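Enquirer: Would you mind keeping the following structure in view while I ask a few things?
The values are calculated or read from the model by the stated rules, or taken from the named source; none is laboratory data. Keep in mind that what you see is a predicted model, and the values were worked out from it rather than measured. Counting neighbours? That spans all protein chains shown, and the Cβs are built from the backbone with ideal geometry, glycine included.
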Amino acid sequence: MQDKLKEFRADGRDVALEVMDCALLALQGPSTANVLQAGLSDDLTKLTFMTSVTTSVFGISGCRVTRCGYTGEDGVEIAVPGARAVELAERLLQSDEVKLAGLAARDSLRLEAGLCLYGNDIDESTSPVEASLVWTLGKRRRTAMDFPGASVIVPQIKGKVTRKRVGITSAGPPVRQHTPILNLEGRVIGEVTSGCPSPCLRMNVAMGYVEPEYVKAGTALRLEVRKKMVDGATCKMPFVPSRYYNLK
């Protein structure tokens with residue numbers, strides 16, 4: 001970001017970068033609005049998915065509340081001044097409906113929602129086309145090709161890639177990151193990037209990359225778990241329907 005900032009300034013643009021000392025608290029789940037509304041003057045019914053407002057939260061000013069989250073549920077992420085983060089967390093926990101959740105709970109929720117984790121499902125070697133994330137690129141940007149990586153990504157949209165991200169369900173022991181994916185003839189055709197037992201579905205779910213001819217939902221696969229083969233199949237994502245808050 002600093003390098004890009006220097007580039008913009010050298011080009012005569014008025015650009016600045018300000019680093020803010022904030023912490024981020026995620027309040028997620030169907031009771032979010034009821035719990036948070038008690039501490040806001042703003043009307044949460046008007047705050048829709050992926051919109052935000054700067055406001056006071058339970059008397060703590062300078063908070064940015066964004067209706068989003070990494071769980072597939074309705075919820076908010078609250079950017080709060082770092083020095084008051086513990087105070088806000090303790091205030092939220094005064095509600096009987098709020099419980100602390102660790103990364104394992106978050107990880108199972110985001111996987112059920114079919115959401116990628118950077119470092120697992122996407123990284124600097126992954127293109128949006130391979131990861132089935134082309135929706136992140138607007139029509140104007142595709143036409144203008146004015147974003148980093150455009151020379152590689154845009155031709156892939158109408159062309160071919162060697163791998164695609166898919167959802168996978170499996171029987172037996174749950175699969176984990178780096179589990180080999182094989183076709184029914186026993187040839188390795190890809191690799192799992194995320195996997196866990198789904199608490200909501202009571203079955204094993206995963207996502208990973210396979211060769212394009214195996215992408216179709218319902219394609220039978222084999223997965224190698226601790227040197228033993230288990231049955232699996234590709235499927236559409238999300239595994240569990242998302243419940244983002246959007247006004248109709």
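Enquirer: Is it true that ASP123 is over 23 Å from VAL240 (Cβ atoms) and under 21 Å from the mean Cα position of the chain (by Cα)?
Expert: Values: over 23 Å from VAL240 (Cβ atoms): yes; under 21 Å from the mean Cα position of the chain (by Cα): yes.
Yes: the conditions hold for ASP123.
Enquirer: Separate question: Does LYS248 fit the bill of being without any contact (Cβ under 8 Å) to a residue 24 or more places away in the chain and charged (D, E, K, R)? First the steps, then the outcome.
Expert: Details: without any contact (Cβ under 8 Å) to a residue 24 or more places away in the chain: yes; charged (D, E, K, R): yes.
Spelling it out, LYS248 is indeed without any contact (Cβ under 8 Å) to a residue 24 or more places away in the chain and charged (D, E, K, R).
Enquirer: Report every pair of residues separated by at least 6 positions or lying on different chains whose Cβ atoms are under 6 Å apart, first residue within the stretch 14-40 and more than 17 Å from PRO81 (Cβ to Cβ), second surrounded by fewer than 17 Cβ atoms within 10 Å (Cβ to Cβ).
Expert: So the pair list comes out as VAL15/LEU5; VAL15/PHE8; LEU17/LEU5; SER31/GLU97; VAL35/SER95; VAL35/GLU97.
Enquirer: Which residues, counting only those in the stretch 41-60, are without any contact (Cβ under 8 Å) to a residue 40 or more places away in the chain and among the aromatic types (Phe, Trp, Tyr)?
Expert: The one that is without any contact (Cβ under 8 Å) to a residue 40 or more places away in the chain and among the aromatic types (Phe, Trp, Tyr): PHE58.
Enquirer: Scanning the stretch 56-73 for residues that are polar (S, T, N, Q) and not in a loop (DSSP other than H, G, I, E, B), which turns out nearest to PHE239 (Cα to Cα)?
Expert: First, pick out the residues of the stretch 56-73 that are polar (S, T, N, Q): 56, 61, 66, 71.
Okay, now just the ones that are also not in a loop (DSSP other than H, G, I, E, B), so 56, 61, 66.
Values: SER56: 36, SER61: 38, THR66: 24 Å.
Checked the stretch 56-73; the qualifying residue nearest to PHE239 (Cα to Cα) is THR66.
Enquirer: Here's a follow-up. Picking from GLY69, GLY75, which residue would you name as being outside the structural domain of GLY167 (by TED's automatic domain parsing), crowded, with 16+ Cβ neighbours inside 10 Å and modelled with pLDDT under 95? Reasoning before the result, please.
Expert: Values: GLY75 fails: modelled with pLDDT under 95.
Step by step, each of GLY69, GLY75 is checked, and only GLY69 is outside the structural domain of GLY167 (by TED's automatic domain parsing), crowded, with 16+ Cβ neighbours inside 10 Å and modelled with pLDDT under 95.
Enquirer: Continuing with this model, one more query. I'd like to verify a number: residues in the stretch 138-165 that are surrounded by 14 or more Cβ atoms within 10 Å (Cβ to Cβ) and within 21 Å of LYS236 (Cβ to Cβ), how many? If you could, list the steps in order and put the result at the bottom.
Expert: Initially, the stretch 138-165 is screened for residues surrounded by 14 or more Cβ atoms within 10 Å (Cβ to Cβ), giving 141-142, 150, 153-154, 156, 161, 163-165.
Restricting the remaining residues to those that are within 21 Å of LYS236 (Cβ to Cβ) gives 161, 163-165.
Counting residues in the stretch 138-165 that are surrounded by 14 or more Cβ atoms within 10 Å (Cβ to Cβ) and within 21 Å of LYS236 (Cβ to Cβ) gives 4.
Enquirer: Next up: List the strands (runs of 3 or more DSSP E) that sit entirely inside the stretch 74-191 and contain at least 1 residues that are in contact (Cβ under 8 Å) with a residue 40 or more places away in the chain and over 27 Å from GLU224 (Cβ atoms). Break it down stepwise before answering.
Expert: On the way: elements: 75-81, 164-170, 180-182.
Where strands (runs of 3 or more DSSP E) fall fully within the stretch 74-191 and carry at least 1 residues being in contact (Cβ under 8 Å) with a residue 40 or more places away in the chain and over 27 Å from GLU224 (Cβ atoms), they are 75-81.
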